[in-house]
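Let me begin by presenting the structure, written as structure tokens, before commenting on it.
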Amino acid sequence: MTRGGTEDFDAFYAATARRVVLHVYAVCGDLGDAQDITQEAYARAWQHWPKVSAYDNPEQWVRTVAWRLAANRWRGFKRWLAAQARLGGQPSTTASPSPDRVAVIAALQRLPEAQRQTVVLHYLLDMSVGDIATGTGVPAGTVKARLARARAALADLLSDETPEVNDAASRS
């Protein structure tokens, strides 16, 4: 099997696609979107496969492309919602996700992009601090700081007791 060939790409896809879908799903919160974005990222990898296959970590390249595609899709969705609000239109509704899922996705979306990416890579893709540092091009200390800040922020965002509840309880 030659590096950069069709068989090489097929093996790469089979070995990595599930992890990339999981990564993107954690970022965007919608499995259908995650699958579409992952498909697009792998299509781009295929277009540049001779070059991408020569990288030390082609999967990191695909994840980075998928991350950017997801971010672009999210920005486009926010613009669409703003346009709907200006025009007075109501967005269409679909079946509701579980409250826990909504809370986690909302909390992840409130994190700064770098922290969100680091949390997803570490906790959902089970990457080590060193692997994240190498893949994202930031020092390991920065990765650790992002994880610590993200954990603290998520703890606050996902807390069962909100400050309003605590204030009301202290007044009674």
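When the test is whether a residue is among the aromatic types (Phe, Trp, Tyr), buried (at least 20 other Cβ atoms within 10 Å of the Cβ) and over 19 Å from residue 131 (Cβ atoms), residue 25 passes it.
Applying the set (1) at pLDDT 95 or above; (2) in contact with an Asp or Glu (Cβ under 7 Å, 6 or more places away or on another chain) to residue 73 leaves exactly one unmet item: (1). Note on the range 76-91: among residues that are over 19 Å from the mean Cα position of the chain (by Cα) and open to solvent by less than 70 Å² (accessible area, probe 1.4 Å), the one that is modelled with the lowest pLDDT is 91.
The set of residues from the range 95-118 being in contact with a helix residue (DSSP H, G or I) (Cβ under 6 Å, 6 or more places away or on another chain) and not in a helix (DSSP H, G or I) comprises just one member, 111. Restricting attention to the range 119-146 and to residues that are over 15 Å from residue 22 (Cβ atoms) and not in a helix (DSSP H, G or I), the residue that is least open to solvent (accessible area, probe 1.4 Å) turns out to be 138. A residue that is charged (D, E, K, R), farther than 22 Å from residue 101 by Cα and modelled with pLDDT of 90 or more occurs somewhere in the range 135-151. Determine which member of the set 20, 27 is within 25 Å of residue 102 (Cα to Cα), of a type in the set (A, V, I, L, M, F, W, C), part of a helix (DSSP H, G or I) and in contact (Cβ under 8 Å) with a residue 60 or more places away in the chain. Among 20, 27, only 27 is within 25 Å of residue 102 (Cα to Cα), of a type in the set (A, V, I, L, M, F, W, C), part of a helix (DSSP H, G or I) and in contact (Cβ under 8 Å) with a residue 60 or more places away in the chain. In the set (1) loosely packed, with under 13 Cβ neighbours inside 10 Å; (2) over 18 Å from the mean Cα position of the chain (by Cα); (3) at pLDDT 85 or above, the condition left unmet by residue 94 is number (3).
The values are calculated or read from the model by the stated rules, or taken from the named source; none is laboratory data. Since we're looking at a predicted model, the values are computed, not measured. Methodologically, a virtual Cβ is constructed for each residue, glycine included, from the backbone with ideal geometry; neighbour enumeration extends over all protein chains shown. Accessible surface is based on the protein model in full, side chains and every heavy atom, while ligands, DNA and RNA are left aside. Shrake-Rupley method; radii C 1.70, N 1.55, O 1.52, S 1.80 Å.
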